[in-house]
1. Take segment B:89-122 and flag every residue that is more than 12 Å from the ligand (Cβ to nearest atom) and crowded, with 17+ Cβ neighbours inside 10 Å.
2. Going by what's in this entry, would residue A:69 be described as out of contact with any Pro (no Cβ under 9 Å at 6 or more places or on another chain), more than 30 Å from residue B:133 (Cα to Cα) and exposed (fewer than 15 other Cβ atoms within 10 Å of the Cβ)?
3. Tell me, which residue of segment B:38-71 that is touching a residue at least 24 places away in the same chain (Cβ under 8 Å) and farther than 25 Å from residue A:112 by Cβ is farthest from the other protein chains (Cβ to nearest Cβ)?
4. Residue A:110 - would you say it is assigned to a helix (DSSP H, G or I) and either modelled with pLDDT under 95 or at the interface with chain B (Cβ under 10 Å from one of its Cβ atoms) (or both)?
5. Among the candidates A:61, A:54, which residue alone is under 30 Å from residue B:33 (Cβ atoms) and assigned to a helix (DSSP H, G or I)?
6. Looking at residue A:117 and the list (1) farther than 24 Å from residue B:65 by Cβ; (2) exposed (fewer than 13 other Cβ atoms within 10 Å of the Cβ); (3) more than 16 Å from the ligand (Cβ to nearest atom); (4) not hydroxyl-bearing (Ser, Thr, Tyr), which single condition is not satisfied?
7. If residue A:21 satisfies every condition in (1) polar (S, T, N, Q); (2) within 9 Å of chain B (Cβ to nearest Cβ); (3) loosely packed, with under 15 Cβ neighbours inside 10 Å but one, which is the exception?
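The values are calculated or read from the model by the stated rules, or taken from the named source; none is laboratory data. All values reported here derive from a predicted model rather than from experimental measurement. Cβ coordinates were reconstructed from backbone atoms using ideal geometry, including for glycine residues, and neighbour counts include every protein chain displayed.
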Amino acid sequence: MSELTLARPRTPRRPAARRNNFELYSWLFMRISGVALVVLVLGHLFIMNILDGGVHRINFGFVAGRWASPFWQFWDLAMLWLAQIHGGNGLRTVINDYARKDATRFWLKVLLYCSMVLIIALGTYVIFTFDPNITD
Amino acid sequence: MAGTTAPERAGTSKGGGTLYRGDLGMWSWVAHRITGVLTFFFLFAHVLDTALVRVSPDAYDKVIETYKNPIVNLFEVGLVGAVLYHALNGIRVMLVDFWAKGPRYQRQMLWAILGVWVLVMIPGTYFMMVRTVSDLFGGH
Ligand code: HEM
């Protein structure tokens, strides 16, 4: 009886799933950050675009008035970080869904993570170092 | 997991399975994904333009001036509409996931959030556009 060698037919083509709960926490984070973003983002849009003349009253002086208060500094900081991580994590899912080649997927994610780091760093820097008397 | 990954054929209409593909639930997910990605891209530009407050008041005021342009103003209405849909549908997704009766009422909740969306967008659009429209046609 000759030995019949078959590659194990049920072997999954992809490597086994990572043995950690990263995707679970990511799923949970999308929901928890979503709750916070409802208040932060909808509040921001309401104040900036609808209330009291909306976008027409916004200028450097308006920003200076708001960021004189630690409350709005913290609001904007929290919104920046949460929206970037929530949106970036969402985009990671979108890339995973549509990128077909591993290389494409890899480079799109590199681009995504670079843009997240850039925007979070720049935004945080601007909020903390804002100077209302910049021209003096 | 409600719609975290691309939809699969969850069954067929024959045999009493749930039909996802082409169903309203699929379109609510498509819209959620498009509005989320759109918002993320806008946020990228928006943090860059706001960063101009670190350059000079003049540079910032100039870029904010573009937001007051009538065409751009119309885009702002679209952006607010997109974010509002994403937020309302996000709440619906959370209710489907965490509320025991959520899955049963997911369709009614979709109609409810669309209703809320319309009710908010009507006055919202008005307040976002009054100044622009009166500047355009009212003269001074
Ligand atoms: C305003 C309050 C918000 C709420 C309540 C909310 C809620 C959610 C939820 C629950 C999900 C997960 C959906 C799922 O797993 O199927 C999600 C996905 C997503 N969100 Fe948000 N979000 C909000 C704001 C934002 C903002 C500001 C951005 C952009 C910066 C954003 C971008 C995204 C993206 C890109 C996804 C992934 C979509 C997908 O995988 O199809 N969201 N959002």
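1. Let us first name the residues in segment B:89-122 that are more than 12 Å from the ligand (Cβ to nearest atom), namely B:99-112, B:114-122.
Of everything in segment B:89-122, those that are more than 12 Å from the ligand (Cβ to nearest atom) and crowded, with 17+ Cβ neighbours inside 10 Å turn out to be B:106, B:109, B:110, B:117, B:120.
2. yes
3. Within segment B:38-71, the first condition is being touching a residue at least 24 places away in the same chain (Cβ under 8 Å), and the residues that meet it are B:38-39, B:42, B:68, B:70.
Among the residues that remain, those that are also farther than 25 Å from residue A:112 by Cβ are: B:68, B:70.
On the way: B:68: 6, B:70: 12 Å.
Top of the filtered list is B:70.
4. Details: assigned to a helix (DSSP H, G or I): yes; either modelled with pLDDT under 95 or at the interface with chain B (Cβ under 10 Å from one of its Cβ atoms) (or both): no.
No.
5. Values: A:61 fails: under 30 Å from residue B:33 (Cβ atoms).
Result of the check over A:61, A:54: A:54.
6. (3)
7. (2)
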